[in-house]
């Protein structure tokens, strides 16, 4: 059936068409103004959900990168401290070798013992290194110095002349930190470097320092008392063992730093990827949107022009 | 034998008929833009010709016409198209209202933006991570507390928007029902009037138009069935119950529900509930009783799970001042046990904290009093942030939504769910607009006033009128000849 067209029909039809064109124009200009393809869930529910997920992932990844940074700083401080320990032990070994030669007079050995005593204090200081407000070698006891000197005057050893080295000597070192428990995955200080992936950044002081303290204290006493046999035998062996332990710890720190750097690279890559995906999901393609806007604008102008021509004239215009 | 003045009678009928037709044309032009107006056409027919066959038939050859008359004024109207329009209007009313309601719900989630719950949750997890890295710092604790407050406020403010929305729907329902009752009265009155006109032998075209318009409005509101009855009357039923039957009618009563305070609809003077399957009112009821309660419950569920999970872990940890040095307790059995503080208020404080969790989610007094009470430590040592980390790891645990979803996934699903529904409603509205647009064009094609057409008719009738006048003048002159000039021979 051929439609009988009336003026009102035409007016309504053109209004309807103009409205839908305007609606699209509005949508495109909103996209241009916000730069976002999605500004309400209904614009693209699936894209919206993906965008929400990506946004959370991005947030999370940034936090992980932050955590890795924290751990790297921590390990750097740890490595620096361990380096100092190595130096102290090196010097202690020199002193022991020196004192063990037996040709030295008792006075010079006593001088070596006094220096050895200072090395013990140095080592305690290194053991109490802080990173920010935390003692790094105390495990989870970050607020108490992990190493405290124990002195007991009764245990002091006199030299050949019956003299004492000092009124109070460190006869032992007490560890006040927590110990590593291999059975507990969260033992020590951990940061999360991936969903559910814990990274232990702390080195527990009791695993690294105690042997060194024992070796140094024994050597000092032997130097003081002039026991060259012990110095060249047990003491030298003990200090070498202590050195081994520290070097192993340093190697472990190095290994952890390597791992963290790999993780960091991966996280950086992930951040870039997720950022790109997020942008692809929710950002408006400016060139495309501008083009679409222009096209709609043309349609709008054309239909306005057409309506202006079509609606106005009727037979009335041509009757006198 | 015809009378001398019979011809004048023909002229007179032509004048009258054309005047009549011009009036109809004028009425059409006047109502060219009246919504719901159907154009009218004066149907011109010849009057009975002279003479009728009989014994005393005139001897004149052939039958002679006696003029013209307007037999009836026809309303150009397609009742099938109108029926289709009515049924599409129900669907359109439903989807339009639904789109509006879902659009409002969708907007309450403030996604995608930095103001939504998801962002607040992300910030909270981040703060907990920060706390786990530095449990000794006051600063990280304060951040956790502030972000937790931001999170509770985000949940509460989303939730609080639902109640006014529901109340608004309720008032729309009341207004719509009053309108329906009003329309019932008006249509019943029109039925009575129309019957009176038709019994008197006329067609009440304009009353039909008015009634059609009322029915259209009624169809937008609810899914009615319209049945035509004798004498131009109609009956209108909803869910099998006649609301209008000729001149008798039945109203809809509103009774507030005792529990919710929201109105329920029953047929007047009965206990029979009104069944509505489509139309605006259906969408309003769905919004009030299904959609909004659903999203409120989802938010409650989210808040409830968050409270339960965070508290469960928080209770097992130690706050800043609860920590101890494990070296003081060589026997692990003698170590202080966790103080078991709440992070969020829960049912142990007041049942409302779990019943309507999203409305009341808030930090416990312990945490509000001192951020040091946030239990970051799992094993009781001061530098341990494992408990904070465990709380942060809830972000990756599937404990939400019947233990199937992570918190982020749950929120994403919730928001994209309402997005999908809104999108569907929008598509349906566009679809219905096209459909109705087509039907209205069909109706316009039959019933609409074309000014070109009316102007053409006007010219036609005007000329007809002029010609008829000229005809009468001619007869007048002829009669003048007989009366004035005959019989004056030899004067």
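Some points to look at:
- Distance between the range B:174-241 and the range A:219-248 - C-alpha centres, whole angstrom: 112
- Efficiency of FRET between residue B:477 and residue B:33 - r from beta-carbon atoms, R0 41 angstrom, step 0.05: 0.35
- Between 0 and 90°, nearest 10: helix A:286-311 axis offset from chain A longest Cα axis: 20
- Inter-centroid distance (Cα atoms) of the range A:22-81 relative to the range B:360-427, Å: 18
- Placing a label point 7 Å from the Cα of residue B:372 along the Cα-to-Cβ line, the residues of the range B:122-164 whose backbone N sits under 11 Å from it are B:138.
- Length-normalised contact order of chain A in % [C-alpha pairs under 8 Å, at least 6 apart]: 28
- For the residues A:178, A:34, A:129, a GNM of chain A with alpha-carbon springs under 10 Å puts the largest fluctuation on A:34.
- Cα-based helix-to-principal-axis angle, A:7-34 vs chain A, degrees rounded to 10: 20
- The modelled label-to-label distance between residue B:87 and residue B:255, using points 7 Å beyond Cα along the C-beta direction, is 3.3 nm.
- Radius, Kirkwood style, for chain B when every pair of distinct Cα atoms is counted (Å): 29.9
- Sorted by Cβ neighbour density within 10 Å, fewest at the top, the residues B:334, A:144, A:61, A:101: B:334, A:101, A:144, A:61
- Our summary gives chain B a relative contact order of 23 percent, counting only alpha carbon pairs under 8 angstrom and 6 or more residues apart.
- Counts of other chain beta carbons within 10 angstrom of each beta carbon in peptide B:30-40 average 1.
- Rg(Cα)/(2.2 N^0.38 Å) for the range B:206-265, N = residue count: 1.36
- Axis of helix B:292-315 versus longest Cα principal axis of chain B: the two differ by about 0°, to the nearest ten degrees.
- In units of the rule-of-thumb radius 2.2 N^0.38 Å, the protein assembly as shown shows an alpha carbon radius of gyration of 1.71.
- Here the gap between residue B:486 and residue B:71, fully extended at 0.36 nm per residue and compared with their Cα-Cα distance, gives a gain of 145.4 nm.
- Of interest is the spacing of the C-alpha centroids, which for the range B:292-332 and the range B:27-104 amounts to 77 Å.
- Look at the stretch A:136-148: the mean tally of other chain Cβ atoms within 10 Å of its residues' Cβ atoms is 4.
- Distance between the modelled labels on residue A:62 and residue B:459, one decimal in nanometres: 7.4 nm (7 Å Cα→Cβ projection).
- Pairwise Cα separations in the range A:1-106 fall into 5 Å bins from 0 onward with the following percentages, short to long: 2, 9, 7, 8, 7, 6, 6, 6, 6, 5, 4, 4, 4, 4, 3, 3, 3, 3, 2, 2, 1, 1, 1, 1, 1, 1.
- Spacing of the two label points (7 Å from each Cα toward its C-beta) at residue B:333 and residue B:424, in nm: 6.1
- Tail beyond 18 Å, pair distance distribution of the range B:123-222 (Cα, percent): 69
- Neighbouring Cβ atoms from other chains, within 10 Å of the Cβ of residues in B:415-426, number 5 on average.
- All distinct Cα pairs of the range B:1-143 go into the 1/r average, and the inverse of that average, the Kirkwood radius, is 23.8 Å.
- Per-residue Cβ neighbour rank within 10 angstrom, fewest leading, B:5, B:83, B:344: B:5, B:83, B:344
- For B:307, A:114, B:472, order by how many other beta-carbon atoms lie within 10 Å, fewest first: A:114, B:472, B:307
- As a length-normalised measure over Cα pairs under 8 Å and 6 or more apart, the relative contact order of the range B:279-388 settles at 34 percent.
Read-outs throughout are calculated quantities, based only on the coordinates presented, and are distinct from any laboratory measurement. A quick note: this is a predicted structure, and the numbers were derived from the prediction, not measured. Counting neighbours? That spans all protein chains shown, and the Cβs are built from the backbone with ideal geometry, glycine included.
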